[in-house]
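Here the structure comes first, spelled out in structure tokens, and everything after it is commentary.
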Amino acid sequence: MQTTQDGTFTGANHTFCAWVGYSPEELSGKLKFQDLLNMGGRIFHQTHWLPLLQMQGSIAEVKVEIIHRDGSAIPMVINALRRVEQGAVVHQLAAFVARDRDKYERELVLSRKRFEELFREATRLQDEAKDRALFAEQMIGIVSHDLRNPLASIAMGTALLMRGELDEGKQRVVTQISRSKDRATRLIGDLLDFTQARLGKGITVTARRLELHTIVAESVDELALAYSGRLLKHEQNGDGTASVDSHRLAQLIGNLVSNAMTYGGADKLVTVTSTVDEETFSVAVHNHGKPIPPALQGKIFEPMTRGGQSSGTSRSVGLGLYIVRQIAKAHRGEVGVTSNEADGTTFTATFPRATPPPPPPSAPTRP
Amino acid sequence: MVFAHGFGCDQHMWRFLSEKYSARYRTVLFDLVGSGKSDLKAYDPKKYNSLHGYADDVVEIVREFAEGPVIFVGHSVSAMIGLLANLKAPERFAAQIMVGPSPCYINDGDYIGGFTRADIESLLETLESNYLGWSSNMAPAIMGAPDQPQLGVELTNSFCRTDPDVAKQFARVTFLSDNRADVPKLKASTPILQCTDDIIAPRAVGQYLHRQLPNSTLAVIENVGHCPHLSAPGLSIDAIDGFLAKERL
């Protein structure tokens, strides 16, 4: 096609005329090229096409919808050239029908839209899950903190009752209450440590240089009282001091022994071994009994993971080993497990002996 | 003299006018953020979700590059951007030259803006279907321009290339803007350059603005299209010169 500068047709070939449903006579001098565009195309023509034609003399591959005489839209790709002929500006245009390209592009646009929707949905679900997890962890923290007060009352009450004269039956009940209270206190301690490790600044330790075997022996003695009727032994290798938080180490041993008592046979020996080497010291807890399935060994230190065959008496919600690992980490140590049918199960926490550089920043751990 | 281009292309639109006026004034040209060679990293979809974002930029540019009050020349949507900038810092503007302005593109009751909402949707669709060739992300094609050898290796469409997402938002912000309430607040002297045949800023819109602007003159330029500074630079310059002489600027 050819038009004047203002878009008025001065000529069009038969192919174009057939496409748009006008005769050459109906176009020439009577219609403007932009009259054949839809409104979006007209705006585009004025804001993009004409300025470009003016500035660079040509324009390539513009896709517009040309409106047929009968009102239907035909997607076309158009190239245009601006020429000066005998002092007058003329525009020469070449058009190509682009139905297939149009279909293809629409599909591309559609699938991009679908993808964007899916992406938004996925992001939203992920955010929701994060919020829920955070909320749950905060709830654990709040609830376990608030449970301490009623437990303190129970502790005081049972202590008072024990001082008085009780017959054997009542004595047994009070002792049972006291044990249950101790277990609840430990559980709440675990929950608070868990929340602090996940949300707060991590588990805190105050390390001092101590004789390792001495403090392990103290812990084992206390545990032997708690698990009276079970077989518990302490073995020592090497000798020397270790930089350690004694309360946290006792907590670590307590959790490992509790675990060993649960999963080891009731008549089988549980062994706590403390070892002092040149560079490191370690505490290992061994029990006999069914091994931990290999698939579980890799994630057993994650919260809420439980060995399948629990007898269910002293196991709580599966925070014990998670806290063991956090305590080990806070001491710059690590904890591992070996477990098989022949040798039984051994959890070993290994620590460097050197005093940690002050202060050890233990960041909250998030999976 | 500060020139601000409209929706579609970039500061190259001003080539004839800026050349002419650079002898008399210090001319300042810029690309709106998101257009031309502006830094796309500076494009903040929140800030540019209204013309005020662009107007804040104009005030910043004027404060940075002009000593005294400026003559602001705004084409199309930039006429309104200039108006908003003027209302933010009136002491910085001596005159507002509006080329093809429109305070509201969509018809609204008695007001004839020239478009319906469906028209704007149709524009967005056209922009989208020209995604490939117009996207600044795509490798540009090179094409010769036989009549203008100096542009022989100029990148095709480069003056109007933009990021497609930016182009879409800018189109929405432009064509859905309604600044009719702000128009009567403008105190500066305001010549309106109105084309005889412009679908984007029809004559009724120019007349409306002339009525509503307290200190305006209306110059009608014989021109088909929305860019008289490109297709009728001589007539545009005549109209601006006439105004500048009258105002002794």
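Which value, in debye to the nearest 20, gives the size of the charge dipole of the range A:127-199 about its Cα centre, when Lys and Arg are +1 and Asp and Glu are -1 at the Cβ?
With only Lys, Arg, Asp and Glu charged at Cβ, the dipole is about 260 debye.
Across peptide A:32-44, what mean number of C-beta atoms from other chains lies inside 10 Å of a residue's C-beta?
What the average comes to for A:32-44 is 6.
Give, to the nearest whole percent, the P(r) tail of the range B:1-50 beyond 12 angstrom, counting all Cα pairs. Show your work: numbers first, answer last.
Values: 784 of 1225 pairs.
In whole percent, the share of Cα-Cα pairs in the range B:1-50 beyond 12 Å is 64.
Round to the nearest 0.05 the FRET efficiency obtained for residue B:111 and residue A:206 when R0 = 51 Å and r is the Cβ-Cβ distance.
Working: r = 76 Å, r/R0 = 1.48.
Using R0 = 51 Å, I get an efficiency of 0.10.
Using only Cα atoms, what Kirkwood radius does chain B have, in angstroms? Intermediate values should be presented prior to the final figure.
Details: mean 1/r = 0.0541 Å⁻¹.
Kirkwood hydrodynamic radius for chain B: 18.5 Å.
Roughly speaking, what % of Cα-Cα pairs in the protein assembly as shown are separated by over 38 Å, rounded to a whole number?
Values: 104319 of 189420 pairs.
Counting pairs separated by more than 38 Å, the tail of P(r) holds 55 percent.
Which pairs in the list A:130/A:181; B:20/B:47; A:103/B:37; B:47/B:88 are over 22 Å apart, alpha-carbon to alpha-carbon?
Violating the 22 Å limit, Cα to Cα: A:130/A:181; B:20/B:47; A:103/B:37.
From the C-alpha coordinates alone, can you work out the Kirkwood hydrodynamic radius of the range A:208-352, in Å? List each step's numbers first, then the result.
Values: mean 1/r = 0.0658 Å⁻¹.
Result for the range A:208-352 stands at 15.2 Å.
Which three extents, in angstrom, do the Cα atoms of chain A have along their principal axes, listed largest first?
121, 51, 41
Can you run phi through the Karplus equation (6.51, -1.76, 1.60; θ = phi - 60°) for the range A:336-349 and list ³J(HN,Hα) in whole Hz, with x for Gly and Pro?
Those phi angles translate into x, 9, 10, 8, 8, 4, 6, 9, x, 10, 10, 9, 10, 9 Hz.
Convex hull volume of the Cα atoms in the range A:2-97, per residue, in Å³?
Dividing the Cα hull volume of the range A:2-97 by its residues yields 86 Å³.
Assigning unit charges at the beta carbon (Lys, Arg +1; Asp, Glu -1) and nothing else, what dipole magnitude in debye, to the nearest 20, does the range A:208-352 show about its Cα centre?
620
Within 12 Å, Cβ to Cβ, of residue A:177, how many net charges do the neighbouring residues add up to if Lys/Arg are +1 and Asp/Glu are -1?
Working: positive: A:170, A:172, A:179, A:181, A:183; negative: A:182.
Surrounding charge for residue A:177 is +4.
Just checking the output field for A:61-70: average partner chain Cβ neighbours within 10 Å of each residue's Cβ?
Other-chain Cβ atoms within 10 Å of each residue's Cβ, averaged: 3.
Rounded to the nearest 5, what is the percent of antiparallel bridges among the DSSP beta bridges in the protein assembly as shown? Walk me through the intermediate numbers first.
Details: 54 of 85 bridges.
Around 65 percent of the beta bridges assigned by DSSP in the protein assembly as shown are antiparallel ones.
Within a 10 angstrom radius of the beta carbon, how do A:180, A:72 rank from fewest other beta carbons to most?
Listed from fewest to most nearby Cβ atoms, that is A:72, A:180.
Can you give the convex hull volume of the alpha carbon atoms of the range A:127-199 per residue, in Å³?
Taking the convex hull of the Cα positions in the range A:127-199, it is 73 Å³ per residue.
Using a 10 Å cut-off on Cβ to Cβ distances, tally the other chain neighbours for every residue of B:120-128 and report the average as a whole number.
For this peptide, the per-residue mean of nearby foreign Cβ atoms is 6.
Show that you can apply the helix-only estimate: for the protein assembly as shown, add -39,500 (n - 2.57) for every DSSP H stretch of four or more residues, divide by all residues, and state [θ] at 222 nm to the nearest 500. Don't skip to the end; give the middle numbers.
Working: 19 runs with 261 residues, N = 616.
So the helix-based figure for the protein assembly as shown works out to -13500 deg cm²/dmol.
Can you give the charge dipole size of the range A:239-281 about its Cα centre, rounded to the nearest 20 debye, using +1 on the beta carbon of Lys and Arg and -1 on the beta carbon of Asp and Glu?
320
Counting other beta carbons within 10 Å of each Cβ, put A:1, A:39 in order, fewest first. Spell out each step's value before the answer.
Values: A:1 22, A:39 18.
Exposure proxy ranking, most exposed first: A:39, A:1.
With 10 angstrom as the radius, rank B:14, A:19 by how many other C-beta atoms surround their C-beta, starting from the fewest.
If I rank by nearby Cβ atoms, fewest first, I get A:19, B:14.
So for the pair residue B:41, residue B:217, with labels modelled 7 Å out along Cα→Cβ, what separation do we get in nm?
Computed distance between label sites residue B:41 and residue B:217 equals 4.6 nm.
Simple spin-label model, 7 Å along Cα-to-Cβ: residue A:119 to residue A:14 in nm?
It works out to 5.0 nm between the two label points.
Values quoted throughout were computed directly from the atomic coordinates according to the rules given, and no laboratory measurement underlies them. No experiment lies behind these values; they were computed from the predicted model shown. Using ideal geometry, Cβ is built from the backbone for each residue, glycine included, and neighbour counts are taken over all protein chains shown.
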